[in-house]
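Heads up, the thing below is written out as C-alpha cells.
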Amino acid sequence: MNHTMSNNNVTSGNNTNSTMKSHMVMHMTFYGGQKVVILFDQWTTTTWGYYILSLLALFVIAFLYQYLQYRLTRMAQTCSSPPYVGSLFIRILHSSMFTFAVAIAYFLMLAVMTFNAGIFIVITLGFGFGFFFFHTNINNTSSSSSGCAIPTSSAATSSTLTPKVDLTCCA
C-alpha cells in the first residue's frame, strides 16, 4: 500500500497565494532501496554512497546509545553510596544524561519508522553490538571463569547463587 500526498497549489489561511510543491511517499510496510528521507528533508539519500554513509551514522548512534545506557547504569551503581547520595551536581548530571539518552532513543525510533529495511537492520545491529560490548560484563562474578553470573553445576552452593557486583572492572 503506497500512500502518496501531492499538493501543487496550496493557499494559506490568510488568502495569500503561496505555491507549495511537495511530493511525499509514506511507506506503511518495509521497503528496500537507497532513496529515503531520514527524519528531515535535508537528510535525503539519493545515491548509494549517501545511503551507506547514513546507515553507518545510524549504526554508530545506536552503538553509542548503548554506551550512554552503560554509563547511566554505572553512575547509578557507583553514585548510590556516600558522599554522592545527596549531591545536586550528580543528580543534575544523571538527569541530563538520561534526557539525552531518551532524545537519542526517540531519534532512532523515528528513523526506524521510515520503514526502510536497511535502516531497521543497522539500528538493530548497532543496539546489539553496543549491548555486547558494554552491557555483557556489568554483573561479573569474581570467581566464575566464564564471566557469567550463573553458577556451574559442580559449584552450586548457596553462596554462589548470589551474584557479586565487581565495580572495579570498568572504573
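Each reported figure results from applying straightforward, stated rules to the coordinates on display, with no laboratory input. Please read these numbers as outputs of a predicted model, since none were measured by experiment.
Fully extended, how many nm does the chain gain between VAL102 and LEU125 (0.36 nm per residue separation, minus their Cα-Cα distance)?
6.4 nm
Over all directions, how big on average is the projection of the convex hull of the alpha-carbon atoms in segment 48-128, in square nanometres?
Computed as one quarter of the Cα hull surface, the answer is 5.7 nm².
Tell me, how many Å apart are the Cα centres for segment 56-74 and for segment 82-137?
Their Cα centres are 5 Å away from one another.
Taking amide H atoms as placed 1.01 Å from N in the peptide plane, list the residues 5 or more away in sequence, or in a different chain, whose amide H sits under 5 Å from that of VAL36.
HN-HN under 5 Å from VAL36: THR45.
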